[in-house]
Amino acid sequence: MIRVSEIRLPLDHEPAALKATLLARLGIAPGRLRSFTVFKRSADSRRKSAILLVYIVDAEVEDEAAALASLAGDRHIAPTPDMTFRPAAPAPAGADRPLVVGFGPCGIFAALILAEAGYRPIVLERGKAVRERTVDTFKFWRQRVLDPASNVQFGEGGAGTFSDGKLYSQIRDPDHYGRKVLAEFVAAGAPEEILYVAHPHIGTFRLVSMVEAIRAKIEALGGEIRFQSRVSDIVISEQGGRKHIDGVVLENGETIAARHVVMALGHSSRDTFEMLHRRGVFFEAKPLSIGVRIEHPQSIIDRAQYGKFAGNKILGAAEYRLSHQATNGRTVYSFCMCPGGTVVAAASEEGRLVTNGMSQYSRQERNANSGLVVSLTPADFPGDARENPLAGIAFQRHWEEQAFAAGGASWRAPAQLVGDFLKKIPSTELRTATPSYRPGVTPTDLSLCLPAWAVEAIREAIPVFGRQIKGYDMDDAVMTGVETRTSSPCRMTRRDDRQSLSVDGLYPAGEGAGYAGGIYSAAIDGIRTAKAVAENIAGRTEG
């Protein structure tokens, strides 16, 4: 196969134009083209008057070697890379059953890869199955009744289930494990377009049924998923100066023996982080971000990004990515942008308010929303992060408590109009951009629940972003606080073989371990970790 990139065509091109352009780029007669598939399609909207679709195509041609030789000078033409997924080392007879703690994207794919290789993993998930979890989450949004073990953060599917379902990342993926992730999602019911669109997404409702389908596949392969099974402790032995994990203890007192444990925790598993730290698992503090969710009418973002092509079916609801280096040294940037979506209550602890963004596959809600967050480092945490690597948790909790109080201590979120925020006056009413957050918002002053340096940096950045996206700094845009859980506040540092620095047999993985950010990267990290576990059990050296 030959991969041809940078095929650029008008947004409204005829279907036959792609094949004709491909033939011209390859310089071959139609009879030599046996077949072709679109590997990737993106949109170039830098010129609003002439938006282009940009394709990467894989073509099967007659006498491929000769075709490639004749096009050797074209840097946009090359052999298609081998993206075949190579399974994990197969389970030897009598192999130990590994444990996977957590059933978010990382845990799901770790368990799937291990199950496909015959290891019959046992998955321990503190929350409920996804359907029950959805009921609990909607109860919180509608009735303000929080279940700390079953909510946006905890339960089957992880935090990504209540999100936009984005399936892209900027991580390096030299082994093309991302194709395995996308292929499994399609097999589980995702639309096939996620295999080729540049920024694929699925949406919450579709994710629910897909997660169930993958769970059924794991179980059919001999895996076991135990819900409402929170790990409250780990069992460790020591020999020759090295610690090794021997099992885990559940909240109900049950001990499960295991010599290989994948810790696929979410970024909000604070009690588990604290337990592991007490048991001597090595942690280090890592950078975070804090900010708000900002909402605009989606139509304003569509016009700003696509001009006269706003509303085009192929383009869909417009996205954006923004970043600004503030004069106080902080970076302000958009995070987890959700076109045509809603701002959701994402709390997992009583008295601590957190926001997040969510979209359905259609992205047809009235507002666009995005995190508007400011970077920080462990130096901003209370105390000395070198002495207490979990100090970021205390930082998050403090500002979540401030947001809970600013909203009225009733799970209503604090909100402020952009115009009022820039003028440094509290909001008393909200106007054009009706906030989508449920259980509702309280107009107030967001400086009550953000560090002063974050407020300063966001006030500087908003007008800058308004020059990049017309309408971004509109007075009536609404900001809702607070966004604290952009990533894990700590990292369970691991060796090159993916085992913990301090405890052999313990495999920190995914977002909670500090090695991923989002569904796609967490799933890929789960695959890599599962393969490392399999290699270790099978007694081989990982390649």
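The numbered conditions (1) buried (at least 20 other Cβ atoms within 10 Å of the Cβ); (2) farther than 19 Å from Gln396 by Cα; (3) in contact (Cβ under 8 Å) with a residue 40 or more places away in the chain are all true for Thr444 except (3).
The sole residue among Ile225, Ile218 that is assigned to a helix (DSSP H, G or I) and among the β-branched types (Val, Ile, Thr) is Ile218. Mind listing just one residue for me: the one in the stretch 259-311 that is touching a strand residue (DSSP E or B) at 6+ places or on another chain (Cβ under 8 Å) and small (Gly, Ala, Ser) and, of those, surrounded by the fewest Cβ atoms within 10 Å (Cβ to Cβ)? Result: Gly280.
Restricting the stretch 187-203 to residues that are part of a loop (DSSP other than H, G, I, E, B) and aliphatic (A, V, I, L, M) leaves a set whose member that is farthest from Val54 (Cα to Cα) is Ala188. May I ask you to list pairs of residues, at least six apart or on different chains, whose Cβ atoms are under 6 Å apart, with the first in the stretch 142-171 being in contact (Cβ under 8 Å) with a residue 24 or more places away in the chain and of a type in the set (Asp, Glu) and the second being surrounded by fewer than 24 Cβ atoms within 10 Å (Cβ to Cβ) and in a loop (DSSP other than H, G, I, E, B)? Cβ pairs passing all conditions: Glu156/Ala129. Identify the residue in the stretch 501-543 that is among the β-branched types (Val, Ile, Thr) and in contact (Cβ under 8 Å) with a residue 12 or more places away in the chain and, among all such residues, is farthest from Pro389 (Cα to Cα). Across the stretch 501-543, the extreme among qualifying residues is Ile537.
I'd like to know if the stretch 69-78 contains one or more residues that are assigned to a loop (DSSP other than H, G, I, E, B) and surrounded by 15 or more Cβ atoms within 10 Å (Cβ to Cβ). Yes. Filtering the stretch 450-461 to residues that are touching a Leu at 6+ places or on another chain (Cβ under 9 Å) and touching a residue at least 60 places away in the same chain (Cβ under 8 Å) leaves Pro451, Trp453, Ala454, Ile458, Ala461. Looking at the stretch 207-218, is at least one residue free of Cβ contacts under 8 Å to residues at least 12 places away in the same chain, surrounded by fewer than 18 Cβ atoms within 10 Å (Cβ to Cβ) and farther than 26 Å from Ala317 by Cβ? Yes, that holds for at least one residue.
Residue count for the stretch 120-148, restricted to those that are part of a loop (DSSP other than H, G, I, E, B) and either more than 17 Å from Glu349 (Cβ to Cβ) or of a type outside the set (A, V, I, L, M) (or both): 9.
Going through (1) surrounded by 24 or more Cβ atoms within 10 Å (Cβ to Cβ); (2) in a loop (DSSP other than H, G, I, E, B) one by one, Val482 falls short only on (2).
For every residue, the table says whether it meets (1) over 18 Å from Gly481 (Cα atoms); (2) within 18 Å of the chain's Cα centre (by Cα); (3) aliphatic (A, V, I, L, M).
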residue: Lys308; (1), (2), (3): yes, no, no
residue: Gly311; (1), (2), (3): yes, no, no
residue: Thr327; (1), (2), (3): yes, no, no
residue: Glu349; (1), (2), (3): no, no, no
residue: Arg352; (1), (2), (3): no, no, no
residue: Gly357; (1), (2), (3): no, yes, no
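The single condition among (1) buried (at least 24 other Cβ atoms within 10 Å of the Cβ); (2) among the aliphatic types (A, V, I, L, M); (3) not in a strand (DSSP E or B) that Val100 does not satisfy is (3). Put simply, of Val123, Val135, Val61 the only residue that is in the same structural domain as Ile218 (by TED's automatic domain parsing), over 21 Å from Ala530 (Cβ atoms) and aliphatic (A, V, I, L, M) is Val135.
Per the conditions (1) assigned to a loop (DSSP other than H, G, I, E, B); (2) out of contact with any Lys or Arg (no Cβ under 6 Å at 6 or more places or on another chain); (3) surrounded by fewer than 24 Cβ atoms within 10 Å (Cβ to Cβ), the sole criterion not satisfied by Tyr472 is (3). Residues of the stretch 196-206 that are surrounded by 18 or more Cβ atoms within 10 Å (Cβ to Cβ) and in contact with a strand residue (DSSP E or B) (Cβ under 8 Å, 6 or more places away or on another chain): Val197, Pro200, His201, Thr204. Among the numbered conditions (1) aromatic (Phe, Trp, Tyr); (2) more than 20 Å from the chain's Cα centre (by Cα); (3) more than 26 Å from Pro414 (Cβ to Cβ), the only one that Phe395 does not meet is (3). Of all residues in the stretch 398-430, those being within 20 Å of Glu460 (Cβ to Cβ) and loosely packed, with under 14 Cβ neighbours inside 10 Å number 3.
The values are calculated or read from the model by the stated rules, or taken from the named source; none is laboratory data. Worth saying up front: this structure is predicted, and the values here are computed from it rather than measured. Using ideal geometry, Cβ is built from the backbone for each residue, glycine included, and neighbour counts are taken over all protein chains shown.
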